[in-house]
Amino acid sequence: MGSLHCLNVGCSDATVIISATETFLVDCHNIGDHAHLLPKSKYIRGVFITHQHHDHFSGLEYLKDEGYKIGCLIYSPYERRYGDNSVRYDEWNEFCGYRDHFESKGTRLFTPYRQESFDKPYWSIDGLKFWMFGPYTTRATSDTRCLHDACLVFRVDLGQRICTFAGDSSDGSLEEIALGTTGIWGDILHASHHGSINGADETFIKKCNPKHTVISTAEDVYSNIPHPEALARYEAHTRVRVYRTDESSWKFTF
């Protein structure tokens with residue numbers, strides 16, 4: 001028995017996965033506000049940072065200051081270039097500082113691209129199976145790339161429950177993943193980019209065919225987020241219910 005917690009952290013992202021003996025984070029904005037979900041041992045087996053934007057990695061500061069240890073830090077393989085407008089220089093350096101801190105404390109670092117074969121999971125641990133759908137190497141390293149092109153997109157098998165995390169992945173990346181991936185979707189979709197129209201790729205949403213969609217969002221933070229057309233797409237292609245974290249944090253058991 002375990003639990004998946006999609007947290008109300010504003011127009012940002014943080015999810016906690018608690019398995020039989022381990023705890024995992026998928027992004028971690030304001031995770032200190034939900035510290036009751038973190039292990040008393042202060043050991044987190046894995047932290048996935050889908051990409052290096054502050055509203056996805058900021059909780060690393062709390063984990064650092066409170067003395068948490070992280071077994072594995074898995075994050076976007078993006079390489080920032082001079083003058084890159086898709087991620088600010090200070091934002092990038094802040095993430096790198098946290099990364100270097102945890103590495104100095106023994107954390108193992110991983111920057112995966114899409115796994116070459118789906119004969120076996122990217123990571124199998126404590127009854128969970130992680131499958132790395134993206135980013136494709138060619139898109140994440142192209143001369144015209146932006147950070148959202150290199151966002152991690154992955155699926156987690158949680159017993160009989162399966163969740164696909166889209167981070168803030170771009171339309172192009174999501175469409176490429178949808179067209180190149182068969183037979184490995186789940187019943188929960190953690191939607192891309194807070195309900196923005198950028199990331200609400202209809203091909204991807206249809207391919208996921210989720211029972212439940214979770215949108216980590218908030219009104220009146222950015223214009224057109226959540227976007228009416230994006231919400232309509234999720235409603236149209238979600239079989240049971242669309243959840244919004246600005247209404248509540250949501251817990252799914254497995």
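The values are calculated or read from the model by the stated rules, or taken from the named source; none is laboratory data. Values in this document were obtained by computation on a predicted structure and should not be read as measured data. Heads up, the Cβs are rebuilt from the backbone with ideal geometry, glycines too, and the neighbour counts pull from every protein chain shown.
Miscellaneous remarks
- Answer residue from region 176-191, given it is touching a residue at least 40 places away in the same chain (Cβ under 8 Å) and in a loop (DSSP other than H, G, I, E, B) and is surrounded by the fewest Cβ atoms within 10 Å (Cβ to Cβ) among those: Ile184
- Boolean, Thr107 is more than 20 Å from the chain's Cα centre (by Cα), β-branched (Val, Ile, Thr) and more than 20 Å from Cys151 (Cβ to Cβ): no
- Residues in region 149-161 that are among the charged types (D, E, K, R) and surrounded by fewer than 21 Cβ atoms within 10 Å (Cβ to Cβ): Asp157, Arg161.
- Selection of region 114-160 for residues being of a type in the set (Asp, Glu), in contact with a Ser or Thr (Cβ under 9 Å, 6 or more places away or on another chain) and assigned to a loop (DSSP other than H, G, I, E, B) yields only Asp126.
- Residue identified as at pLDDT 95 or above, among the hydroxyl-bearing types (Ser, Thr, Tyr) and crowded, with 21+ Cβ neighbours inside 10 Å among Ser173, Ser249: Ser173
- Restricting attention to region 206-254 and to residues that are outside any loop (DSSP other than H, G, I, E, B) and charged (D, E, K, R), the residue that is farthest from Leu128 (Cα to Cα) turns out to be Glu229.
- Residue, surrounded by the most Cβ atoms within 10 Å (Cβ to Cβ), within region 28-51, restricted to residues that are hydrophobic (A, V, I, L, M, F, W, C) and in contact with a Gly (Cβ under 8 Å, 6 or more places away or on another chain): Cys28
- Test: residue in region 194-204 that is of a type in the set (D, E, K, R), within 22 Å of Val16 (Cα to Cα) and in contact with a Lys or Arg (Cβ under 7 Å, 6 or more places away or on another chain): no
- The combined condition, being among the charged types (D, E, K, R) and either without any contact (Cβ under 8 Å) to a residue 40 or more places away in the chain or in contact with a helix residue (DSSP H, G or I) (Cβ under 8 Å, 6 or more places away or on another chain) (or both), is not fulfilled by Asp55.
- Subset of region 170-202 [among the aliphatic types (A, V, I, L, M), over 16 Å from Val214 (Cα atoms) and touching a helix residue (DSSP H, G or I) at 6+ places or on another chain (Cβ under 9 Å)]: Leu174, Ile177, Ala178, Leu179
- Identity of the residue in region 71-110, closer than 25 Å to Tyr43 by Cα and of a type in the set (S, T, N, Q), that ends up surrounded by the fewest Cβ atoms within 10 Å (Cβ to Cβ): Ser104
- Flag for Phe130 being closer than 22 Å to Val240 by Cα and either at pLDDT 95 or above or touching a His at 6+ places or on another chain (Cβ under 8 Å) (or both): no
- Cys146, sole failed condition from (1) more than 15 Å from Pro77 (Cβ to Cβ); (2) surrounded by fewer than 24 Cβ atoms within 10 Å (Cβ to Cβ); (3) not acidic (Asp, Glu): (1)
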